[in-house]
1. Whose amide H sits under 5 Å from the amide H of ARG59, counting only residues 5 or more places off or on another chain, with H placed in the peptide plane?
2. What is the fewest-to-most order of THR334, THR79, THR43, THR38 by other Cβ atoms lying within 10 Å of their Cβ?
3. Under a point-charge model restricted to the Cβ atoms of Lys and Arg (+1) and Asp and Glu (-1), what is the dipole moment magnitude of the range 14-270 relative to its Cα centre, in debye to the nearest 20?
4. GNM, the chain, Cα, under 10 Å: largest mean-square fluctuation among GLY218, GLY240, GLY17?
5. Under 1.5 on a/c is rounded, so check that first for the range 1-155, then, if it is not, pick prolate when a/b is larger than b/c and oblate when it is not; a ≥ b ≥ c are the square roots of the alpha carbon gyration tensor eigenvalues.
6. Cβ under 12 Å from ASP374's Cβ, ASP374 left aside: what net charge do those residues give with Lys, Arg +1 and Asp, Glu -1?
7. Once the other residues with Cβ under 13 Å from the Cβ of HIS112 are scored (Lys, Arg +1; Asp, Glu -1), what is the net sum?
8. Hey, what do the phi angles of the range 40-56 turn into as Karplus ³J(HN,Hα) couplings, whole Hz, using 6.51/-1.76/1.60 and θ = phi - 60°, x for Gly and Pro?
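Coordinate-derived values only; no laboratory data. Just so you know, these numbers come straight off a predicted model, no measurement behind them. In this analysis, Cβ positions are derived from the backbone assuming ideal geometry, glycine residues included, and neighbour counts consider all displayed protein chains.
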Amino acid sequence: MESRSLPRNPTRAVKIGSITIGAGNPIAVQSMTATHTTNIDATVSQIHDLEAAGADVIRVAVDSKKDAEALLEIRRQTTANLVIDLQENYRLAEVVAPAVQKLRYNPGHLYHHERDKPWQEKVRYIAKVAADHDCAMRIGVNCGSVDPAKKEKYDPADSISPMLESALDHCDFLDSIGFTRYCVSLKDSDPQKVIEANKRFAEARPDVPLHLGVTEAGMPPDGIIKTRIAFEQLISKGIGDTLRVSLTVPNSRKAEEIVAGRKILDDIAAGRVRSVVNYGLPTMNIISCPSCSRVENEAFIELAQDVKTMAEYAKDHAITIAVMGCRVNGPGETDDADLGLWCGPNFVNLKKGPQELGQYPYNEILPRLKQELDALIASRAKA
């Protein structure tokens, strides 16, 4: 367990089922199921595995009414503290809230459903459902799906300010309607941006508990190193009340996220840190999202590993390749990469920055990606 000697910001207490985060309580470690939620047996089995590894909170994705119905049965088979990951259909909250301890929503995703309604009305609804069913909430702001109204106000090169404004606006609104049992997360695939965003938020709202994470951190060990860099700089300064290490691993290895999180906390408490690493080094950067229940083809995990192997010859080039597992976050979160792949059930979408280059079968995408990688290296050599 992490040492209580770690500095802690004076955040308020937020109860999530059997645990409480903030207010000096131990930093909670959580993960997310990677099984399809409708596969009840597999999902329950993974929840039990994560609990056995020491998970304090476990997140489950619910994207449809079938997922919501499955969750009710999953709840009957586990006593774990569950967080529901609401995506576009925020109205599923009233179906699943009786079975979970926390509702997580993404401000950027609220725009996809009932677009004529102001976001404040949607958040008011979610907060009422949470209050009626004794649930906490998380405002989950993600670099790849920021509120479009916020992005329009800032220079495209500034990805942090729109995230911050979105989070702060949602905090202010929840406070204004009397709901204060919430935490916030500000996630990016770049550890340096995660550090800056969370430091700035903690300065503006030192009372609000923060959930830390580096999204699309990738495969171990690289994904753990990226996450460690951010966590060391934040937790050592008292910032962070709960965390997740997001790794691209097969379902059977999902508990590695919990083990990695616990070890990072132990190491920070003991002074075993490696933040002297400068993440801005001019080398290849391959990012990939954590395996979760939104992945429509598990070949995505093998593809991420194959991309890393294929691109080994270009390791000394400062090029970012993003490999994303689903259509929910993939299209937006590959925009900032030099080359991006986002995976559907049968095809992989190839992108160069925000430009779509086409769809390819899983068994044809690697040589096509290599072609674009070679062209990118050659064009930079001429510049």
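1. When sequence neighbours closer than 5 places are left aside, the close amide H contacts are SER31, MET32, THR33, VAL83.
2. On the way: THR334 29, THR79 10, THR43 25, THR38 17.
In order of increasing Cβ crowding within 10 Å: THR79, THR38, THR43, THR334.
3. Numbers: 32 positive and 37 negative charges, 49 e Å.
Using only the charged Cβ atoms, the result is roughly 240 debye.
4. GLY17
5. Values: a/c = 1.75, a/b = 1.15, b/c = 1.53.
It is oblate, given that a/c is not under 1.5 and a/b is not larger than b/c.
6. Net charge around ASP374: +2.
7. Numbers: positive: ARG91, ARG115, LYS117, LYS122, ARG327; negative: ASP63, GLU88, GLU114, ASP116, ASP147.
In short, 0.
8. So the J values, rounded to whole Hz, are 4, 4, 5, 5, 4, 4, 5, 4, 5, 4, 5, 4, 4, 7, x, 5, 7.
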